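Below is one structure, written out as structure tokens, with a few remarks after it.
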Amino acid sequence: MNRTARRAAILAGVLALTPAAVPGANAQEKPRGGEPLVIAHRGASAYRPEHTLAAYRLAIGMGADYIEPDLVSTKDGELVARHENEISGTTDVAQHPEFAGRRTTKVVDGAPITGWFTEDFTLAELKTLRARERLPQLRPANTAFDGQFEIPTLQEVIDLAKREGVGIYPETKHPTYFDSVGLSLEEPLVATLKANGLDKPSSKVFIQSFEVSNLKQLDGMIRVPLVQLTSASGRPYDFTAKGDPRTYADMTSAAGLKEVARYADGLGPDKNQIVPRDAQNRLSAPTSLVRDAHRTGLVVHPYTFRPENSFLPEDFREGDPASPEYLRARGDQPAELALFYRLGVDGLFADNADTAVAVRDRLFRRGR
């Protein structure tokens, strides 16, 4: 299947998931194919420890269209959902004396990191650990759930998604690193998707990565849509490893987007690449990135929308800056979400799917 036909099939799949947008949404650039998707970033991570079945289940109940598992490998080649392969901040591994000797320092994507790493544990060993809130200073209420939830496998996430009728949006984490230690992510990911009948262009699946080489590899292995993640700074690590000087800024230029469209179907930019912030953390004028990406046929799913003042631009922060609660208090995130919906994004990653769904419904279903 050529990429044009593949995109048509993908669009049909998106249309099957979301009703057509009604006129009057005030979008500067219309989403491609209907209402924007709400992607639950690591689950309902504003309410539960991230990458747990409880977080995914809650996000589904809030109306998310897709749930996002970041994928890393165990020692025995099983794919599990963790934000990073270093797990001291997201599990209780430090409280397990039987694993004390596995604390080590590794170089991941060029940076030395000390802690415990999933690739040094079998799946059975990881299942003895329990998840913890990654941001306890900003989300202290989530610590009430520390110690309650296991680390889920990709298959467990798929089982939940299939039962609930939502899509999955897996990210391959550090693929160059995992290749270097003999635990390639692509083959087990593709095998698992195929075993579950999730290997068609219309399947409720997007695969994303910050690297390029593995997306190009996946492009020849499976027909589901692929999404190139980009950042407001830096470059893909596989570019760094190969001495390729191109940056994410180069990749999101008009010429760079044409190259991305040769192997990917979507762009997952840092939201600051769409609406930059100045030195005072205030919003600047929107860039042409959404329009430019659409012109190359790419859908656009920016990240990450979070409700706390700590993550919001000054324009949308609320409350008394002198208060010790200010940074973890919730600001006017609905206004931020509405801004990006009106700029024509095709979906977005949110830590709180309930708000993202509510704002989307107000704008598109009520025509405001």
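Some observations on this one:
- Protection proxy ranking, highest mean first, for peptides 309-316, 52-59: 52-59, 309-316, where packing is the per-residue count of other beta-carbon atoms within 10 Å, averaged.
- Distance from the Cα centroid of the stretch 170-243 to that of the stretch 91-157 is 23 Å (rounded to whole angstrom).
- For ASP70, nonlocal amide neighbours, meaning residues 5 or more places apart or on other chains whose placed amide H falls under 5 Å from its own, are ARG82, GLU171.
- Lys pairs, the chain - Cα-Cα below 22 angstrom, 8 or more residues apart or on other chains: 25
- Percent carbon-and-sulfur accessible area, the stretch 67-168, ignoring ligands, DNA and RNA, probe 1.4 Å: 50 percent
- Residue with peak Gaussian network fluctuation, the chain [Cα springs, cutoff 10 Å], from ALA279, ALA329, ALA338: ALA279
- Among (1) 18; (2) 28; (3) 44, the entry derived from the coordinates for percent of Cα pairs over 36 Å apart: (1)
- Think of the stretch 132-245 as having a plus end and a minus end, set by charges on the Cβ of Lys, Arg, Asp and Glu; of ALA232, GLY243, LEU135, ALA232 sits farthest toward the positive end of this dipole.
- Helices in the chain, meaning DSSP H runs of at least 4 residues, each add -39500 (n - 2.57). Divided by all residues, the mean residue ellipticity at 222 nm is -7500 deg cm²/dmol.
- For the stretch 183-319, a crude dipole built from +1 on the beta carbon of Lys and Arg and -1 on the beta carbon of Asp and Glu, taken about the Cα centre, is about 320 debye to the nearest 20.
- Based on protein heavy atoms only, the chain ends up with 39 Å² per residue of surface accessible to a 1.4 Å probe.
- Using the average count of surrounding beta-carbon atoms within 10 Å as a protection proxy, the listed peptides 285-292, 143-150, 164-171 rank, highest first, as 164-171, 285-292, 143-150.
- The chain - charge dipole about Cα centre, Lys and Arg +1 at Cβ, Asp and Glu -1, debye rounded to 20: 1120 debye
- Taking all protein chains together and a 1.4 Å probe, the residues LYS200, LYS242 rank LYS242, LYS200 from largest to smallest accessible area.
- Sequence of ARG102, ARG42 from largest to smallest accessible area, 1.4 Å probe: ARG102, ARG42
- Counting only protein heavy atoms and using a 1.4 Å probe, the accessible area of TYR47 comes to about 50 Å².
- Cα centroids of the stretch 31-88 and the stretch 258-337: 19 Å apart.
The values are calculated or read from the model by the stated rules, or taken from the named source; none is laboratory data. Every value quoted in this text rests on a predicted model; they were computed, and no experiment measured them. Counting neighbours? That spans all protein chains shown, and the Cβs are built from the backbone with ideal geometry, glycine included. These accessible areas exclude ligands, DNA and RNA; they are computed on the full protein's heavy atoms, side chains included. Shrake-Rupley method; radii C 1.70, N 1.55, O 1.52, S 1.80 Å.
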